[in-house]
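K.L.:
Take this structure, written in structure tokens, and hold onto it; I'll ask about it next.
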Amino acid sequence: MDEIGNQDTAPSAQELQKEIRGLKRKLALSEANLARARQTALAQDRVETILNDSLKKDLQFFKLVLENATHILLLLDFDGRFSYASARFLADAAIANFGLIDGHHYKDVFRRLIAEGDLNKFAAMVDSAVARKSTVSFEEQLDFNFQGSPRIFSILITPMTDEDGKSTGIMILFNDITDINNALEAANLANRAKSEFLANMSHEIRTPMNAIVGMTSIGKAAADLERKNYCFAKIEEASSHLLGVINDILDMSKIEAGKLELSLVEFSFEKMLQRVANVVNFRVHEKKQVFTAHIDSALPKTFIGDDQRIAQVVTNLLGNAIKFTPEGGSVTLDARLAGESNGLCAIRVKITDTGIGISPEQQARLFQSFQQAESSTTRKFGGTGLGLAISKSIVEMMDGKIWVESEFGQGSSFIFTIRLKRGAEKTADLRDSVDWRDIHILAVDGNPDVLLYFAEIIRGFGARCAIAASAGAALGMIERDGGYHIAFVDWDTAGGERARLISALKAGRPAAGVVIMISPNEWDAAAAEAKKMGAGKALFKPFFPSGILDIITETLGAAQQPAEETQTDDAPADFTGNRILLAEDMEVNREIMLALFEPTNLGIDCAVSGVAAVSMFSRAPEKYDMIFMDIQMPEMDGLEATRRIRALDLPRAKTVPIIAMTANVFREDVEKCLEAGMNGHVGKPINYSDVISSLQKYLKL
Amino acid sequence: MIRSVTAATREIDDAEAAVAEITAALGLEKNLRKNSLGIISCFSDFADTGVLKAVCDALPFDCVGATTCLCAARAEIDQIILTVTVLTSDDCDFKTIGIPIGDKYEDSVNSALTALLAQNEKPPALFLSYFPLMNTVSGDMMLTAIDKATGGIPLFGTAALDHTMDYSTAKTVYNGEAFREKLVLAAVCGAPHISFHIAALDESKFRSQKALITASAGNILIGVNGKTALEYLEEIGLTKAELASGLGVIPLVVDHKDGTKPVVRAVFALTPDGHAVCGGAMPVGATLTIGHVDRGDVLQTTENTVKPLADKEGVVLSYSCMARYLVLGADNTAEAEKIRAAAGEAPYLFACSGGEICPLPDADGRLKNFYHNYTNVFCKLS
């Protein structure tokens, strides 16, 4: 039926069924579509939420990165206005919070932070980056906030554009490269210093080697003995210098490797200074300089410490003072107790000279290794440039510090402090044997400092001390006060009145002792004349309290305690009746030992290896009073040889003194020697005095 | 050179009428060349009503294809429709094959393709591919087996689809018959001009936080970052219900880290162990994230891809993931409209896909076959 009910156009049953099937199909499809659409929409929402959360997390990460970035990072919009500034920028620019500059043009902000010229340059770079649509990078020194300490920045300006190439903003990154640049410069400086040092070391080593090699050839060819002796003297001088250079280099290597160690022994501080003064005095008098020492009476008599290393520091500083002070100048050594706490004494040592002085720029580099004040100093005065660096390390190991006070052209004072434990107080004192109240002493010296110090020492002993600045004044005092028990007279001060003054002193008190204050060099020339005048004793300058005390007690005839020092290098040793076994594989070393000790009448049998040493000893154990054992030998080294000897079933094997001769003087090497059964060690190159000391300790004398 | 002519019919119940409509539209007498091939896309009921068989029987050449939930040809776009795209050529020829996919599918694929390849001196330039939509053998697995047998000859095509919630009527089509478990291939032999294009997800819409696939078995995602797939997916905010819905509208993005672009995988189901059944291989060591596509993205990416392709020379074949169709919501023909508009008078084929088969260039520029989800894949043939 059609729309108005006409039965001729009614669809057939087949058509209706087809229609129904079609509708059912469409309905099923629609239902499926709807269900899927619903689920899809929910899933879409879920995924959108996940992505938004992910974006938030990304922003959090980026924020964290930006807030903790050490760089200065700025984001500007397309107009050049701030849209982000990192925390570092806000801190450097002293801006309390970003809100204060948000939306402000970068030029307005930077105008308050950097100089106008810098801003103009910076703005030009920004414009360039935007115009080129590519990153611009450059370095610039900027002083944010005019703090007076400009920093160097590596600056990156990157324009941001959208897909169509339209500008959307600018990213600016400031990377502070000041420290890197400084480190690079320091590294380059250090490299240059090391190169200069190597060149210097090469010179310092080659120069004495040249002298040794050359003088050896000349000496060999020389016909007369005088010329040969001259050459030997030069060889000795050059060898000593070379050994000093090598020792410096080795010490520095130990320090850099952290292997420098202190050997703690009980020692007399004053005696140590005296030994150092004796070593340097020769050069002082060569340069006609005045060398005075002042030792604080409050300093304990003994300390526990590494006296050799302290002596090394004092020797280095005194050596420098003498080296850099012209002829006729003066050098002063002052040592005093600076305090005491927690069982440790603070000792302050000051060495002052009237030398060339050191500028502030040079002072800043002084204690660094491989540096002298400047390379021209090296060329003029020589030296490895390591002494002060080594001294600094030693002082710092003793919980101290070292510094310089100086003005260029005005002289210098090198001062160091160290902390040491007190040693045991001596139970006996020379002063106990003398009633000092009855002793009246006169000191005559043209140097008022010397007189005052001398008087302080004497009065410290408890005696009376009169001082006179000239021979004339002294004569006046003798006439007024009568005689003195002892008079200390400076040879130069007395001058032409020496004989008269000494005569007056003797007249005042016939038993009076007259001691001449003089340098060791000058005494050689003046001794005969002085003795003729009646002054047979000399007190060498600089004088130390213990030296004065010794002279006084000797002069007054009081009993003396045995000297602390063993016999000096000059005293002849005599080991008649003793025989030692020398185990040494190097022929030249055997020759040296045989030659050195020939005058001492010491019998020496040589073994060329550890095997030979064990064999020779086991065949005749009672023959040898002592064994000197080299460590590094072929077949069997000295340690193994010692162990084998100690293990022999012979009574003497356990008791014979065995002394190591070794170039290895690290503590662990010495300990290895002792563990092997040795009694002690001497270092190489052989020091005659050390060997003598060992011999005197163990042999029958 | 390959020419093309297309036809469509909505006659789902009347086979005679459908055949008449199709043959009239195709104009076989004047349009056919020496060798021809028919590509069928149709609503699955066309197979049940006998229209599919009648149409294929009426055509004097082999027909391959698959059921779908939406397709288009000429000016016609609809769900309940059957389209025929005829490829015809004097210098290219076409060989078709249907391979049952069972337990020993690799052997079947290998022997069938070996035999086919032996028939020609030169290997085919392309295999038009129609995969059955199966739970036991995924598209990736079939693709791998084909690649192994052919040495990597380019594959282009689709997995079967339908309009139901469980895809139970999705079938491949071979010479008038529809199959649940038959792989259908058409070798295009000769030297046609071929190009492949993909409209994929916008990478800027991927979740930036990525995870590592730590365990898998083919297309079964077992472990991510050391946890089960379900644990990880729930951790990032998805729900079990969404994942288990079977719709496959959650795009997981997999980066193989081999220089190729990331591929998208839909999640079709969850196993009781919390493993995700995905639309393609989920290799261990690849990174995983989640993507997003909305209506605007679908239309924009399709338009951007198809516009340069449509001209009077040749034919554009387009298979678009069913998930893209779903996000269009009520306006579910909009993507097809874009393609129709771009094609103008030129022949084209559009159909919704249960899985897209299309090669991608690797880091060295060599084409490598991939099975995709969430994409619209294009093949320009001429």
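Every number here is computed from the coordinates shown, using simple stated rules; none is lab data. Quantities reported herein were computed from a predicted structural model and do not represent experimental measurements. Neighbour counts run over all protein chains shown; Cβ positions are idealised from the backbone, glycine included.
K.L.:
Helix A:116-132 versus the longest principal axis of chain A: what is the Cα-based angle in degrees, 0 to 90, to the nearest 10?
P.N.:
With both axes taken from Cα atoms, the answer is about 40 degrees.
K.L.:
Still on this structure: Counting only C-alpha contacts under 8 Å and six or more residues apart, can you give the relative contact order of the range A:265-422 as a whole percent?
P.N.:
So the answer I get is 25 percent.
K.L.:
Report, for chain A, the % of DSSP beta bridges that are antiparallel, rounded to 5.
P.N.:
Once the DSSP bridges in chain A are tallied, antiparallel ones form about 60 percent.
K.L.:
Continuing with this model, one more query. Amide H to amide H under 5 Å from B:I290: which residues, 5+ apart in sequence or cross-chain, H placed 1.01 Å off N in plane?
P.N.:
Amide H neighbours of B:I290, under 5 Å, 5+ apart: B:R207, B:V253.
K.L.:
Then there is this: Just want the answer: with Cβ charges of +1 for Lys and Arg and -1 for Asp and Glu, which residue in A:P208, A:G638, A:A469 is farthest toward the dipole's positive end in the protein assembly as shown?
P.N.:
The one lying farthest along the dipole's positive direction is A:A469.
K.L.:
I would also like to ask the following. Taking amide H positions as placed in the peptide plane 1.01 Å from N, state which residues far from B:S353 in sequence (5 or more) or on other chains have amide H under 5 Å from it.
P.N.:
Those qualifying (amide H under 5 Å, at least 5 residues apart or on another chain) are B:S320, B:C321, B:M322.
K.L.:
A further question follows. Pick out, from A:G148, A:V126, B:V377, the residue whose Cα sits farthest towards the positive end of the charge dipole of the protein assembly as shown, with +1 on the Cβ of Lys and Arg and -1 on the Cβ of Asp and Glu.
P.N.:
It is A:G148.
K.L.:
Also: Let's see if you can work this out: charge +1 on each Lys and Arg Cβ, -1 on each Asp and Glu Cβ, no other charges. What is the dipole magnitude of chain B about its Cα centre, in debye to the nearest 20? Mind dumping the intermediate values first?
P.N.:
On the way: 31 positive and 46 negative charges, 166 e Å.
In debye, rounded to 20, chain B gives about 800.
K.L.:
Moving to a separate point now. With springs only between Cα atoms under 10 Å apart, run a GNM on chain B and tell me which of B:N332, B:N120, B:N175 wobbles the most.
P.N.:
B:N120
K.L.:
Cα centroids of the range A:629-654 and the range B:59-104: how far apart, whole angstrom?
P.N.:
102
K.L.:
Using a simple spin-label model with points 7 Å from Cα along the Cα→Cβ vector, what separation in nm is obtained for B:L367 and A:L701?
P.N.:
So the label points at B:L367 and A:L701 sit 10.7 nm apart.
K.L.:
Right, another one. Just from its helices, what would the mean residue ellipticity at 222 nm be for the protein assembly as shown, if runs of 4 or more DSSP H residues each count -39500 (n - 2.57) and the sum is divided by every residue, rounded to the nearest 500 deg cm²/dmol?
P.N.:
Values: 34 runs with 437 residues, N = 1083.
After summing the helix terms and dividing by residue count, I get -13000 deg cm²/dmol.
K.L.:
Per-residue mean of other chain beta-carbon atoms within 10 angstrom of the beta-carbon, peptide A:140-149?
P.N.:
Working: counts 0, 0, 0, 0, 0, 0, 0, 0, 0, 0.
That average works out to 0.
K.L.:
With a point put 7 Å past each Cα toward its Cβ, work out how far A:Y84 is from B:D90 in nm, to one decimal.
P.N.:
Inter-label distance under the simple model: 6.4 nm.
K.L.:
Another question, then. To make sure I understand, if each residue's beta carbon is the centre and we count other beta carbons within 10 Å, what order do B:H292, B:H163 fall in, fewest to most?
P.N.:
B:H292, B:H163
K.L.:
Let me spell out the model: positive unit charges on the Cβ of Lys and Arg, negative unit charges on the Cβ of Asp and Glu, origin at the Cα centre of the range A:132-198. What dipole size does that give, in debye rounded to 20? Display every interim value, and only then the final one.
P.N.:
Details: 6 positive and 10 negative charges, 31 e Å.
Using only the charged Cβ atoms, the result is roughly 160 debye.
K.L.:
Next question, about the same structure. Given charges of +1 on the Cβ of Lys and Arg and -1 on the Cβ of Asp and Glu, with all other atoms neutral, how large is the dipole of the range A:220-370 about its Cα centre, in debye to the nearest 20?
P.N.:
240
K.L.:
May I ask you to derive the relative contact order of chain B, considering only C-alpha pairs under 8 Å and at least 6 residues apart, and to give it as an integer percent?
P.N.:
The value is 19 percent.
K.L.:
For helix A:520-533, what angle does its Cα long axis make with the longest principal axis of chain A, in degrees from 0 to 90 and rounded to 10?
P.N.:
So the helix axis and the longest Cα principal axis differ by about 20 degrees.
K.L.:
Sort A:M586, A:M252 so that the residue with the fewest other Cβ atoms within 10 Å of its own Cβ comes first and the one with the most comes last.
P.N.:
Listing A:M586, A:M252 from fewest to most nearby Cβ atoms yields A:M586, A:M252.
K.L.:
Right, another one. Using only Cα atoms and rounding to the nearest 10 degrees, what angle (0 to 90) does helix B:295-306 make with the longest principal axis of chain B?
P.N.:
50
K.L.:
Oh, and also: Please give the contour-minus-distance gain from A:N521 to A:T9: 0.36 nm per residue of separation, less the Cα-Cα distance, rounded to one decimal in nm.
P.N.:
Length gained, A:N521 through A:T9: 168.9 nm.
K.L.:
Return the FRET efficiency for the residue pair B:T260, A:R111: r is the Cβ-Cβ distance, R0 is 56 Å, and the value is rounded to the nearest 0.05.
P.N.:
In this case the efficiency is close to 0.60.
K.L.:
Once the other residues with Cβ under 14 Å from the Cβ of A:D481 are scored (Lys, Arg +1; Asp, Glu -1), what is the net sum?
P.N.:
For residues surrounding A:D481, the net value is +2.
K.L.:
Between B:E203 and A:E361, how many nm apart are label points set 7 Å from Cα along the C-beta direction?
P.N.:
The answer from the label model is 5.7 nm.
K.L.:
I've got another one for you. For the range B:263-269, just list the computed ³J(HN,Hα) in residue order, Karplus coefficients 6.51, -1.76 and 1.60, θ = phi - 60°, integers in Hz, with x standing in for Gly and Pro.
P.N.:
10, 9, 10, 8, 9, 9, 6
K.L.:
Continuing with the same structure: Give me A:Y484, A:Y84 ranked fewest to most by other Cβ atoms within 10 Å of their Cβ, as a rough exposure proxy.
P.N.:
Going from sparsest to densest Cβ surroundings: A:Y84, A:Y484.
K.L.:
Going through the cross-link list B:K53/B:K338; A:K254/A:K672; A:K623/A:K697; B:K171/B:K368; B:K227/B:K368; A:K323/A:K684, which pairs have a Cα-Cα distance over 23 Å in this structure?
P.N.:
Exceeds cut-off: B:K53/B:K338; B:K171/B:K368; B:K227/B:K368; A:K323/A:K684.
K.L.:
Residue by residue through the range A:616-631, which ³J(HN,Hα) values in whole Hz follow from phi under the Karplus form 6.51 cos²θ - 1.76 cosθ + 1.60 (θ = phi - 60°), with glycine and proline marked x?
P.N.:
Couplings: 5, 5, 5, 6, 9, x, 7, 6, 10, 7, 6, 10, 9, 10, 5, 8 Hz.
K.L.:
Of A:G496, A:C231, B:I220, whose Cα points farthest to the positive end of the dipole of the protein assembly as shown (charges on the beta-carbon: +1 Lys, Arg; -1 Asp, Glu; origin at the Cα centre)?
P.N.:
A:G496
K.L.:
Counting only other residues whose beta carbon sits under 11 Å from that of A:G80, what net charge do I get with K and R as +1, D and E as -1?
P.N.:
Neighbour charge sum, excluding A:G80 itself: -2.
K.L.:
Next question, about the same structure. How much net charge surrounds A:S30 when only other residues with a Cβ under 14 Å from its Cβ are counted (Lys, Arg +1; Asp, Glu -1)? If you can, show how the numbers build up before the last one.
P.N.:
Details: positive: A:K24, A:R25, A:K26, A:R36, A:R38; negative: A:E31, B:D78.
Local charge sum for A:S30: +3.
K.L.:
On to the next question. B:E345 to A:I180: FRET efficiency via 1/(1 + (r/R0)^6), r the Cβ-Cβ distance, R0 60 Å, to the nearest 0.05?
P.N.:
Calculated transfer efficiency: 0.35.
K.L.:
Just to check I understand the Karplus step: with θ = phi - 60° and J = 6.51 cos²θ - 1.76 cosθ + 1.60, what whole-Hz values come out for the range A:13-29, glycine and proline as x?
P.N.:
4, 5, 5, 5, 4, 5, 4, 5, 4, x, 5, 4, 4, 5, 5, 4, 5
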